[in-house]
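**Q** The structure that follows is given in the form of structure tokens.
Computed from the coordinates by the stated procedures, all read-outs in this text should not be read as laboratory data. All figures in this text were calculated on a predicted structure; none of them were measured in a lab. Positions of Cβ are generated from backbone atoms using ideal geometry, with glycine treated the same way; all protein chains shown enter the neighbour counts.
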Amino acid sequence: MTTKILALTDALGNLVRFELLLGHRFDTVGVEPLIEGIDFGGLIADKAFDSDAIIADLNARGAKIVISQHPRRDKPNDASRHRARGVH
């Protein structure tokens, strides 16, 4: 059996919180408890955070978001369309 580790750090890389998941679980399952109750102005994350529900939650918090888009996303998010056109 394997274990996945999701970690939340501050801007300096200091550990704020972490979640352990079974290796066969989707990463998105651990995201909500990882960011619950934490205020932050921005989030840089990998494609595990590329979920409409997670992005809506972060937008509602007013956070600036940089998330790698999952290659199998049905509808590209706005930021991805701008990057694709070369608009920065």
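**Q** Going by a ≥ b ≥ c, the root eigenvalues of the Cα gyration tensor, does region 3-85 fall in the rounded group (a/c under 1.5), the prolate group (a/b larger than b/c) or the oblate group?
**A** In terms of gyration-tensor shape, oblate.
**Q** Here's a follow-up. Would you mind putting 28-34, 41-47, 70-76 in packing order, based on average other-beta-carbon counts within 10 Å, highest first?
**A** So the peptides 28-34, 41-47, 70-76, ranked by packing, come out 28-34, 41-47, 70-76.
**Q** Of all DSSP beta bridges in region 3-85, what percent run antiparallel (nearest 5)?
**A** Expressed as a percentage, antiparallel bridges in region 3-85 total about 65.
**Q** Taking +1 at the Cβ of each Lys and Arg and -1 at the Cβ of each Asp and Glu, which of 55, 31, 7 sits farthest along the dipole of region 3-85 towards its positive end, judged by Cα position relative to the Cα centre?
**A** Result: 55.
**Q** Under a Cβ-only charge scheme (Lys and Arg +1, Asp and Glu -1), can you give me the dipole magnitude of region 3-85 about the Cα centre, in debye to the nearest 20?
**A** 420
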